[in-house]
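Report on the structure given below.
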Amino acid sequence: MLKTNLELFDKIANIFNKHGFKLYMVGGTSRDFLLGMQVLDFDFTTDATPAEMYNFLPNANYRFKEFGTVSLKIDGEHVEITTLREEGEYVDYRHPAYIKFVKDPRLDYVRRDFTINALYIDEKYTVLDFCSGLNDLKTKTLRVIGDPYLRFEEDPLRIIRAFRFIAKFNLNIDPLTDNAIKDLAPLIKKLNPDKIKAEMRKVGEKEQNTFKKLMNIYKI
């Protein structure tokens with residue numbers, strides 16, 4: 001991670017700590033940081049609710065506060081901060097029936113897609129790993145958190161995301177995850193085509209060939 005990225009996280013974490021809350025890097029931010037890559041997207045999570053954040057970040061964007069997501073610009077960078085949460089069952093292949101704000105990352109990680117995206121890094125740069133994500137990152141393994149059949153049935157777009165990560169990071173796919181994708185690939189047809197296109201636009205130019213091969217192998 002670039003020095004300026006570190007300073008940005010430190011600055012925001014310090015604001016939260018002053019008001020009695022925790023801030024963590026998570027998702028692609030923590031993953032790319034641990035891989036020694038430049039971080040381009042800032043994805044943070046916190047034990048503060050949007051209502052609590054409003055007390056010390058009144059100028060942030062609270063448009064999606066019901067989902068726990070708050071956006072702000074700081075030092076010219078766009079940052080998303082999401083409250084730790086639990087989710088109910090998915091009702092439309094995309095959205096959970098309900099969300100519940102929580103304080104413990106151990107309750108939050110189970111809703112995330114892949115182990116390598118569920119690594120939490122706090123203000124002291126301590127890594128919290130509840131699902132062997134560090135080992136999967138080291139062994140270049142893509143593994144779903146929990147039951148892969150359930151996770152892909154919840155949101156089939158995760159299949160496209162799996163291909164994107166495999167192509168980008170040259171990952172090996174966990175056998176259980178592989179079997180679930182083979183069986184559930186037809187669910188992709190139930191998704192909004194615009195959602196699929198938006199995810200595919202995130203595939204880098206150098207990753208296109210591998211991504212297309214995966215789409216063909218799994219007959220999508």
Please work out the Cα center distance from the stretch 123-151 to the stretch 108-122, rounded to the nearest Å.
6
Answer check: the stretch 42-173, Cα atoms, Kirkwood Rh, Rg/Rh ratio of 0.98
Between the stretch 26-81 and the stretch 171-206, how far is it from one alpha carbon centroid to the other, in angstrom?
26
Take the eigenvalues of the Cα gyration tensor for the stretch 145-217, scale each by 5, and report the square roots as semi-axes in whole Å, largest first.
18, 16, 10
Within a Gaussian network of the chain (alpha carbon springs, distance under 10 Å), most fluctuating of Asn14, Asn172, Asn59
Asn59
Could you give each residue of the stretch 8-17 its phi-based ³J(HN,Hα) in whole Hz, using Karplus coefficients 6.51, -1.76, 1.60 with θ = phi - 60°, and x for Gly or Pro?
5, 4, 4, 5, 6, 4, 5, 4, 5, 4
Rounded to 10°, Cα long-axis angle of helix 175-184 versus longest principal axis of the chain
70
Please determine, in degrees from 0 to 90 and to the nearest 10, the orientation of helix 157-169 with respect to the longest principal axis defined by the Cα atoms of the chain, where the helix direction is its Cα long axis.
90
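Which chymotrypsin sites (Phe, Trp or Tyr not before Pro) in the stretch 82-123 pass both tests, a DSSP loop state and at most 13 other beta-carbon atoms within 10 Å?
Values: sites: Tyr90, Tyr93, Tyr98, Phe101, Tyr109, Phe114, Tyr120; in loops: Tyr93, Tyr98.
Of the chymotrypsin sites (Phe, Trp or Tyr not before Pro), the ones in loops of the stretch 82-123 whose Cβ has at most 13 other Cβ atoms within 10 Å are Tyr98.
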What distance in nm lies between label points placed 7 Å from Cα along the C-beta direction at Lys103 and Lys212?
5.3
Counting pairs of Cα atoms in the chain, how many percent are more than 28 Å apart?
30
Using only alpha carbon pairs under 8 Å that are at least six residues apart, calculate the relative contact order of the chain and give it in whole percent.
15
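Every read-out reported here was derived from the displayed coordinates using simple, explicitly stated rules and does not represent laboratory data. This structure is a prediction, so every number in the text was calculated from the model and none was measured. No Cβ is skipped: glycine too gets one built from the backbone with ideal geometry, and neighbour counts run over all protein chains shown.
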